[in-house]
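One structure below.
The values are calculated or read from the model by the stated rules, or taken from the named source; none is laboratory data. What you are looking at is a predicted structure, and each value in this text was computed from that prediction instead of being measured. We place every Cβ from the backbone using ideal geometry, glycine too, and count neighbours over all the protein chains shown. These area figures cover heavy atoms from the full protein model, side chains too; ligands, DNA and RNA do not enter into them. Shrake-Rupley method; radii C 1.70, N 1.55, O 1.52, S 1.80 Å.
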Protein chains: 2
Amino acid sequence: MLELYHAEPVANSMKALLCLKEKGLEFVSHYVDLLRFEQHQPAFVAINPNGQVPVLVHDGAIITESTVINEYLEDVFPRVRLRPRNPAHVAQMRIWSKFVDEYFCPALSMIGWHMMVRKVAQSLSKDELDEVLARIPLKEQRDKWATVAAESFTQAQLDDSKRKVGVSIERLEQLLQRSDWIAGPEYSLADVNSYSMVASVPRFFPEFMNDKLTPRAVDWLQRMNARPAVQAAQAMPNKVPGVLRTFGG
Amino acid sequence: MLELYHAEPVANSMKALLCLKEKGLEFVSHYVDLLRFEQHQPAFVAINPNGQVPVLVHDGAIITESTVINEYLEDVFPRVRLRPRNPAHVAQMRIWSKFVDEYFCPALSMIGWHMMVRKVAQSLSKDELDEVLARIPLKEQRDKWATVAAESFTQAQLDDSKRKVGVSIERLEQLLQRSDWIAGPEYSLADVNSYSMVASVPRFFPEFMNDKLTPRAVDWLQRMNARPAVQAAQAMPNKVPGVLRTFGG
């Protein structure tokens with residue numbers, strides 16, 4: 001049996017949901033409500049001690065980290081192929097996915113935390129916040145919550161993250177000038193892993209991604225949006241109230 | 001033809017060297033002298049625009065990022081197997097390698113930069129430093145050079161990196177209490193990718209890694225040191241003068 005613990009279809013949850021949908025795999029969906037802090041509850045921490053979504057459970061094996069989950073799905077369910085045939089393109093797929101994980105996603109994430117999670121953190125009383133903080137397993141996550149509950153990130157930090165979003169889109173455009181998909185001529189996990197990060201950029205940072213400056217990236221996003229798997233993943237539950245929705249919400 | 005551009009057998013260069021040696025692959029070695037800033041020279045930047053080692057060149061295909069290089073070697077030269085048979089163990093191998101790249105290695109790296117690269121940066125005149133900085137392709141690398149040339153990292157940053165080294169060794173010990181190798185019963189890229197990071201910890205941070213506190217990690221390191229491939233990789237050229245050697249030097 002295949003089960004996915006996930007939040008709304010954005011960010012890292014979207015990566016795993018989109019991979020499952022592309023492969024046409026049946027799975028049991030467990031919605032983890034991040035705004036109710038279900039990811040820090042004992043029942044969930046027993047599954048992933050880091051208290052983070054998504055988590056894949058396959059016949060008892062617990063797989064964390066969305067990028068790793070998607071390679072696992074490819075290893076175990078290769079019928080719908082999402083890893084290129086050419087090993088050099090597979091390497092390109094992994095280099096790009098690593099760049100998304102280490103550079104693009106953290107930059108977007110900081111801005112998302114500043115815009116959205118801060119509203120949640122600041123709506124809590126001191127006692128409620130302390131209770132939330134006490135349950136967060138990872139120090140780095142605790143620090144982020146404490147930061148947005150207080151004065152948030154500095155303007156210099158936010159500016160640097162914005163700059164990194166620009167650099168990321170520039171690199172995406174360069175890759176897409178060489179081939180139709182990010183890792184070469186074949187659609188791959190590089191595309192799957194990028195969709196949720198890129199999707200909201202034209203709305204939030206139109207100066208970085210538009211018809212004039214990045215025609216190939218804009219075209220890629222249109223082709224992605226037209227994919228039935230993307231639409232199926234977007235149709236998954238989303239309990240985030242409109243006022244709190246930022247990227248992809 | 002297989003070629004590796006690499007520095008001395010420590011850190012990320014060691015990861016790729018060890019993988020090649022484990023697989024018994026012949027390759028042309030190109031030593032890139034980091035202390036002479038050869039990684040920022042036009043000839044090298046033409047190969048890797050990021051100006052970083054190691055880089056694998058295989059029949060014209062250029063592969064960067066040591067973790068990706070090692071998966072590529074596994075994809076193309078699977079005879080000596082370094083990916084476990086069980087896909088859940090492969091996922092564990094990738095989760096751990098990702099943790100090394102995103103958490104353990106950056107923490108060690110900051111301390112290494114503070115201890116070693118700072119000496120190099122501070123030995124340069126202002127003009128020499130400006131010349132070096134002007135040639136570094138990645139802003140993040142330029143910023144690190146500028147930081148160690150000036151007042152270096154703050155004590156709080158260094159303390160936090162030291163804490164992360166401790167957390168990393170604690171996690172390593174936990175994994176090795178469950179199985180002989182990091183990703184399960186089979187020796188894998190998780191072990192290959194960790195060796196250069198773990199090797200110097202008992203000497204630099206004996207409080208985190210010792211017979212009493214982390215017997216399994218100590219035993220793992222002994223088993224690693226005894227491997228012919230580790231010894232062959234360690235015998236590769238090292239032009240770093242003794243006074244500058246820190247981790248693994």
| note | With the label point 7 Å along the Cα-to-beta-carbon line of residue B:36 and a cut-off under 19 Å to each amide N, the hits in region B:206-248 are B:236-245
| query | For region B:64-150, what is the Kirkwood estimate of the hydrodynamic radius, computed as the reciprocal of the mean inverse distance between distinct Cα atoms, to one decimal in Å? | reply | 15.7
| task | Sort shortest first the distances from residue B:146 to its counterpart in every other copy, using label points 7 Å along the Cα-to-beta-carbon line, and give them in nm. | result | 2.8
| Length gained when the stretch residue A:119-residue A:243 is fully extended (0.36 nm per residue, less Cα-Cα span) | 43.7 nm
| Using a 1.4 angstrom probe and counting only protein chains, how large is the accessible area of residue B:239 in Å², to 10? | 120
| task | Would you please report the Å³ per residue occupied by the convex hull of the alpha carbon atoms in region A:85-136? | result | 98
| field | Karplus 3J(HN,Hα) series, Hz, for region B:230-244 with 6.51 cos²θ - 1.76 cosθ + 1.60 (x for Gly, Pro) | value | 5, 5, 5, 5, 5, 7, 5, x, 9, 9, 6, x, x, 5, 9
| Which whole number of Å³ per residue matches the convex hull of the alpha-carbon atoms in the protein assembly as shown? | 157
| remark: Rg from C-alpha atoms of region B:190-238, normalised by the globular rule of thumb 2.2 N^0.38 Å, equals 1.17
| note | Under the 7 Å Cα-to-Cβ spin-label approximation, residue B:142 and residue A:211 lie apart by a distance in nanometres of 3.4
| request: Work out how far the C-alpha atoms of chain B reach from end to end along every principal axis, then list the three figures in whole Å, largest first. | output: 54, 45, 29
| message | As a check on your reading of the symmetry: which chain B residue has its Cβ nearest the axis that brings B onto A, and how far is it in Å? | response | B:102, 3
| query | Which helices, counted as full DSSP H runs in chain B, have an axial Cα extent of no less than 30 Å and a Kyte-Doolittle average of -1.0 or above? | reply | B:155-178
| request: Using a 1.4 Å probe and ignoring any ligands, DNA or RNA, find the accessible area of residue B:58 and quote it in Å² to the nearest 10. | output: 30
| request: Report ³J(HN,Hα) in whole Hz for each residue of region A:24-30, in order, from the Karplus equation J = 6.51 cos²θ - 1.76 cosθ + 1.60 where θ = phi - 60°; Gly and Pro get x. | output: x, 8, 6, 8, 8, 8, 10
| remark: Between residue B:85 and residue A:102, the two model label points (7 Å from Cα along the beta-carbon direction) sit apart by a distance in nm of 3.3
| note | Once amide hydrogens are built 1.01 Å from N within the peptide plane, the residues lying 5 or more places from residue A:30 or on another chain with amide H under 5 Å from its amide H are A:4, A:5, A:6
| said: Can you give me the % of accessible surface on region B:79-232 that is carbon or sulfur? Probe 1.4 Å, all protein chains present, nothing else counted. | reply: 52
